[in-house]
Structures are given as C-alpha cells and as structure tokens.
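The values are calculated or read from the model by the stated rules, or taken from the named source; none is laboratory data. The shown structure was predicted, so the numbers you read here are calculated from the model rather than taken from an experiment. Glycine gets a Cβ as well: all are built from the backbone with ideal geometry, and neighbour counts include every protein chain shown.
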Amino acid sequence: MGPLLQVTDLRKKYGKKAPVFAVDEISFDLNHGEILGLLGPNGSGKTTTIQMLLGTLALTSGSIFYFGKDFTRHRSEILQHVSFASTYTSLPYVLTVEENLRCFAHLYRIRSIKEADPLLERFGLSKKRKSLVSSLSAGQITRLMLVKAFLTRPKIALLDEPTASLDPDIAHDVCSFLLEQRDKTGLSILFTSHKMEEVAEVCDRVVVLKGGKLIADDLPKNLAESVSICRLHLTIVDGIKHSVFLAQQANLDFTVDHRTLTCSIDEKEIPGFLHALMRAEVSYASIRIEEPTLEDYFLSISGAGK
C-alpha cells in the first residue's frame, strides 16, 4: 500500500515584486496508520501547509495527492475522508453542541449523530449536549472540535495543536485516544504541537519546517540524538562557589538550586569540566547526565535558549 497523502514540491508564494515563499518546495508522505509530526518554529509554514492540504488556501505550485488522487481535481470527494481539528478554530457560538454536530453530520451525509455519543462521553461533554458553544470553556471547545473531527470516521485527520488549551491529564487522554484510533482503525494523522514530550510519545515520524523549507524528516529519537548538548546535574558537597565560577568560565548555561548545579554542556566537554572541578578541589555527592530530548532539538533549530 502506497502513501495515503503525497506532498511534492509544495510552494506558496505571496507578492510579485518581492515574493515571499511561506512554503518553499516541501515534499513528504503520510503512510497508512502513521502519526506524522509536523514541527517548526512560529512562521515556519506549518499553518500555511495545513491550509493548502485542506484546500482553504490555493497552492502556488507543486502537488497534493490523497489516496492516489490529485487534490485539485477531486477536492470534494477526498475531503469526505479527511477531517480537521485545531485549537485555533471554533464552531458557531449561537448553536448548541448537539446542533453543531447535527449540521456537521449533514454535510458529511451522516443520518444520525448517535455515533457522537461515545466520543462525547470520552471527552467529558455528554452533559453539555444542550449547552450553547458560547458557554463552553476553551478546553471544552477544543474537545468538541475533536468530537466533530472523529464523528465522520476519517481515513486521515489533520490536527493542528489539538491539546494546546487542555489540562495535562486531559491532553494525555487525547494522546491515548489518538494512539487507540491509529491501532484500531489504521487512521493516519498529521499532528502539529509545541509540546515536544507529546510529539515524542505520539508520533512515529517527524518532518520539520523552518523558514518555509523542510529541514528534517526522521524518527523523533534520531532527531533528539542529533543534538550534542546534554544536561549535567551535580550535587555539590563542598565548593559550590568554585563550581559556579568554573561554569561561568566555561560559558555554560547553568542554574543553581541550593547545592545542585545544573548546566547545559556539550557531551564532549563533560570530562574536561569534571576534571576542572577536581583540580579546584570541588567535591560532589552525585552526578546525573540527561541525554538530549526532542525539545532540545526543537530549541536548537529555532535558535532559542533553555
């Protein structure tokens, strides 16, 4: 079975005299039963890409194929099998939860919204069926968007930061739900998030955008391992001032909490730093080294410090 979604040399250009490419010749595939992370700093082109994948924004050049069919020629047919949910969109506020779902079901030719019952129960919205959307919290609206997205039993779900406004316990439940859907139905998901721990947990593979260009396509584990910066934790018994001085001398990013010194350091520099501490007669009771994470990778490509 080939990819369910194929994006080839996709471009979106704004302006004529001094054109700006919000998305610049990116290519990637989404396979059957795969959760693909779409990552990148703000302004990298993620939202523009999703808008083109939904057909709400015309592409400048390149191609999008769903299920082996050209999206520009078969948009209505394809979108019957593609759903979308985002923290940054909502539903008509003057309608109730049930009325919104009924309208949406009608667009997808679903005769009954009874299939929404287990979804409403799963996301804690069963008692809100008759409530106006205007009365819901931001987190409840986000969960309602997920109910709407999965009501149609899609083959592909495009999810734009679906857990951004959720409490950690509910966000964790949503991630568990996505994994269940993938495993039970073979659902394919394109997933954007700024929560790197969440991406590492949920995504099978990650594509990374920066400045409109695709700069990486790999496993989350491999991207994390491409970063050489570790976090070194030392519990200092004697010589905390000398430890701070040496960290400053080495130009390390560090923090001190009571007698625990935590610093970000290239793994190649750890032996030299420990040797310098020994020469300064600093003694420590414990040492712990944290391997780089996907968040470290994200910070490195976005140019942010920790």
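Name the residues in the range 32-49 that are of a type in the set (A, V, I, L, M, F, W, C) and within 11 Å of LEU209 (Cβ to Cβ), would you? Lay out the reasoning, then the answer.
In the first step, residues of the range 32-49 are kept if they are of a type in the set (A, V, I, L, M, F, W, C); the result is 35-36, 38-39.
Result: LEU38, LEU39.
Please pick out the residue among SER90, SER112, SER44 that is outside the structural domain of PHE298 (by TED's automatic domain parsing) and either in contact with a strand residue (DSSP E or B) (Cβ under 8 Å, 6 or more places away or on another chain) or assigned to a helix (DSSP H, G or I) (or both). Outline the logic, then answer.
Numbers: SER90 fails: either in contact with a strand residue (DSSP E or B) (Cβ under 8 Å, 6 or more places away or on another chain) or assigned to a helix (DSSP H, G or I) (or both); SER112 fails: either in contact with a strand residue (DSSP E or B) (Cβ under 8 Å, 6 or more places away or on another chain) or assigned to a helix (DSSP H, G or I) (or both).
Within the list SER90, SER112, SER44, the selection yields SER44.
Take ALA164 and tell me if it is surrounded by fewer than 17 Cβ atoms within 10 Å (Cβ to Cβ) and aliphatic (A, V, I, L, M). Give the steps one after another, and end with the answer.
Details: surrounded by fewer than 17 Cβ atoms within 10 Å (Cβ to Cβ): no; aliphatic (A, V, I, L, M): yes.
Judged against the criteria, ALA164 is not a match.
Among the candidates LEU158, LEU132, which residue alone is surrounded by 21 or more Cβ atoms within 10 Å (Cβ to Cβ), of a type in the set (A, V, I, L, M) and modelled with pLDDT of 95 or more?
Working: LEU132 fails: surrounded by 21 or more Cβ atoms within 10 Å (Cβ to Cβ).
Only one candidate qualifies: LEU158.
How many residues, within the range 6-41, are under 12 Å from LEU190 (Cβ atoms) and either in contact with a strand residue (DSSP E or B) (Cβ under 6 Å, 6 or more places away or on another chain) or of a type in the set (D, E, K, R) (or both)?
Keep residues of the range 6-41 that are under 12 Å from LEU190 (Cβ atoms), which gives 7, 28-31, 34-39.
This time we only want the ones that are either in contact with a strand residue (DSSP E or B) (Cβ under 6 Å, 6 or more places away or on another chain) or of a type in the set (D, E, K, R) (or both), so: 7, 28-30, 34-39.
The qualifying residues number 10.
Between a first residue in the range 112-123 that is β-branched (Val, Ile, Thr) and a second residue that is assigned to a helix (DSSP H, G or I), which pairs have beta carbons less than 8 Å apart while being 6 or more apart in sequence or on different chains?
Partner pairs satisfying both residue conditions: ILE113/GLU98; ILE113/LEU101; ILE113/ARG102; ILE113/ALA105; ILE113/LEU151.
What are the residue pairs meeting all of these: first residue in the range 278-306, first residue crowded, with 16+ Cβ neighbours inside 10 Å and at pLDDT 85 or above, second residue in a strand (DSSP E or B) and of a type in the set (Ser, Thr, Tyr), Cβ atoms under 8 Å, and 6 or more apart or on different chains?
From the range 278-306, the pairs are TYR284/THR235.
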